[in-house]
Structure formats: C-alpha cells, structure tokens
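Report on the structure given below.
The values are calculated or read from the model by the stated rules, or taken from the named source; none is laboratory data. Here the structure is a predicted model, which means the values were calculated and not measured. Cβ atoms come from the backbone with ideal geometry, glycine included; neighbour counts cover every protein chain shown.
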Amino acid sequence: MDAPSPSAPVTVATPDSRYDILIGAGLLADPASWRGLPQATCAVIVSNALVAGLYGTALRTALAPLYARVLLVEIPDGEAHKDWSTLNAVFDFLLAEGADRKTVLFALGGGVVGDLCGFAAACFMRGVPFVQVPTTLLAQVDSSVGGKTAINHPRGKNMIGAFYQPRRVVCDLATLDTLPARELSAGLAEVIKYGPIADIGFLDWLEAHLDALRQRDRVALAYAVRRSCEIKAEVVGMDERESGLRAILNFGHTFGHAIEAGLGYGEWLHGEAVGCGMVMAADLSARLGGVTPAFALRLRRLIERAGLPVRAPDLGAQLWLTLMRADKKAEAGEIRFVVLTEPGRAALRPAPDAVVLEVIAAHAG
C-alpha cells in the first residue's frame, strides 16, 4: 500500500469544535503551520528540558512573528511527574508572568506534556486556547488528538482531568528522528491498536510494514500517523466524551493502566503497558468468544515484533483486580473491558472475575 501525501490535514469535528491535524516533515519551521490560531499577546510553550533543548528554539522562532511574547516553561520529564505539583508549577509560572485569558499554550513534547498542558489550559482562567505539538509517535497518533487531558492520582492513571479540545495539532514527523528506540516502540503500541478495533486492513498493512516503521521510514510513518489519526478523529467525532463508542480506543488500557499503577508510574512506558495489555485483552476476547485464539496469537506476535513486552509483571491477583476496579470504565465496582467482538471490531463488555484471573495467570509473572 502506498502512503498518501501527508500534506492534507486530518480534521477532527465534534459538536462544539473543529480543528485540523497537520502531518508532515518540517512543520515546526513552516509559517503555514501556525496561521489562523487565536490572536493573543502572549504564547507559552510547555515542554521538558530534553525536548525544549531539541525543538524549543525552533518553535519560539516560528511563533515570534505572531506573538509579542513567547515564553517557555519546563516541567520534569516522565509519567511520575504528571501530577498536582507539576500542574501547579505551570499555574505559578502563568500567574507570575501576567498571562491573561487570551494566552495561547503550546504543548511541545510527548503524552505527559500534552496531557498536563491541555489540563492546565482547560483550568487556567476557566479555559485558554492551546495547541498540541507532539514530538513522540505515541502522542502524534493518540494522546494529542481528541481532547482528553488529565493528571494522574496515586490510585489511578488520568483520574483528574477534563475533555478540552486543542485548536490545532501539529505532527512534525522530523521530530521522530530523535526519538529513542524504546519510545518509538511504545508509540507503535498505540498505532497497532487501531487495526484490531477498527480496520483489519490496517493491521495487515502494519504486519507488512513494521520493519520499515521501526527503521523510521518517513513514508511508512506518514501513513501510520495519518491512518491512526483518521480512525481516532472519526471515533471522537461520534463520541467526544466517551459515553460509548470512544471507549474502544482504550483496547488494552484496562490491563495496561493496572500495570503502570501497580509498578509505579514511569517504571514501564505507557505504550509498553498498553502493548502488553493488548496481549491480555486479546486473550480475554478469545476466551469470551469474540476472536479465535489464533487471532490473539497473531496480535501477540506483532506486538512482540514491535519491541514491546508481552509478559506482564506479577502484581498479585488481588492487586490486579483492585486496580482495574478503579478504572474509569468500571461501573458499580464491575470491571468492564474493551474486547474484540470480531477482527476489526470492538466493544465495551463486563467479564467474570474468574475469566479475568485466568488471563492474568496465563500472562503475568
């Protein structure tokens, strides 16, 4: 399959907002990437030291003609710092700099930066505009799109947050050149998930092009990012606030979030936990009759080829269940999982604890 031109934007349309996802190489330095954003006197870039050192100057230079002041606030790197303390540090910076309610925030970095910056934008002065500038594969294909913003709580991931859509998403594929191999693999987990839940043809494509993706082939990456964003944009447009359909985007996440919380945030990357979680969710789907064991094995092999863990840590059966009952999809203490109802389709379903424990016993330890 040939990759289409990355020049045309992918549009996300919800009942209350409409914005474009720009995908291509060299977008940070392209003035067209930043035209048409809300007018303001001040732009504030939220990033971490590593990403700011690589791309902060380029973004500040690009924004300088549009804003009287372009400021940068750096937050600590890593999932462990996606918390109240870091969020409050951003608020402290905005207030100290005299930012007003027309200030535009720019999230320059991966999923942690995007989630936290977006939540800060949703809260500061009851809402200021923000722009996602994702620099990791995971953020480009998933967390930057759809308006889910949040911080973590010790009892659960992303438990405190808001639905708040960005004004634009700018995916510069050139930033993936500096991404560590482990982070690239983590991003591939969120790419892979779109196949089994929504587009089996895309799963076929991924199996054929996985080596090219891991080698950072620009054409393959452009198609993978675009197709992932198209699927997510379609789902978000139909269910912005996750009242039903949007939950399918969390395939593998119930198990994955338990891994992250159980080990301590940052021990495994989010994408690593999701990849392993998809292995477990596919097995659960097979045990519930949605797909064959052969299909679950097919998905496990692809995830392993992507350089992701396929064996979960031993958290102990009781902790697994406790953590998953704290998942946002749970209702009245009943754990609900995104399961495959057939290859290319998924749904949110409860599962008996006994079956879930069988899955944990088969894959953890």
Please specify each residue of segment 231-247 satisfying the condition of being over 14 Å from the mean Cα position of the chain (by Cα) and within 16 Å of Ala8 (Cβ to Cβ). Glu234
Got a sec? Which of Val145, Val191, Val141, Val133 is assigned to a strand (DSSP E or B) and buried (at least 22 other Cβ atoms within 10 Å of the Cβ)? Val133
Which numbered condition Arg216 misses (of (1) in contact with an Asp or Glu (Cβ under 9 Å, 6 or more places away or on another chain); (2) at negative phi; (3) modelled with pLDDT of 95 or more): (2)
By residue number, the members of segment 315-334 that are exposed (fewer than 13 other Cβ atoms within 10 Å of the Cβ), on the phi < 0 side of the Ramachandran plot and out of contact with any Lys or Arg (no Cβ under 9 Å at 6 or more places or on another chain) are Gln318, Glu331
State whether the residues of segment 294-301 include one that is small (Gly, Ala, Ser), at negative phi and surrounded by fewer than 17 Cβ atoms within 10 Å (Cβ to Cβ). yes
Taking the options Leu323, Leu348, name whichever one is within 22 Å of the chain's Cα centre (by Cα), of a type in the set (A, V, I, L, M) and over 17 Å from Glu260 (Cα atoms). Leu348
Based on this model, can you work out whether Ala317 counts as of a type in the set (Gly, Ala, Ser), in contact with a Gly (Cβ under 8 Å, 6 or more places away or on another chain) and touching a residue at least 24 places away in the same chain (Cβ under 8 Å)? no
Based on this model, can you work out whether Asp92 counts as farther than 18 Å from Gln132 by Cβ and of a type in the set (Asp, Glu)? yes
Could you look through segment 67-104, keep only residues that are of a type in the set (Ser, Thr, Tyr) and touching a residue at least 12 places away in the same chain (Cβ under 8 Å), and pick out the one that is nearest to Ala186 (Cα to Cα)? Thr86
Would you list the strands (runs of 3 or more DSSP E) that sit entirely within segment 1-83 and hold 3 or more residues that are at pLDDT 95 or above and under 30 Å from Trp268 (Cβ atoms)? 42-48, 69-75
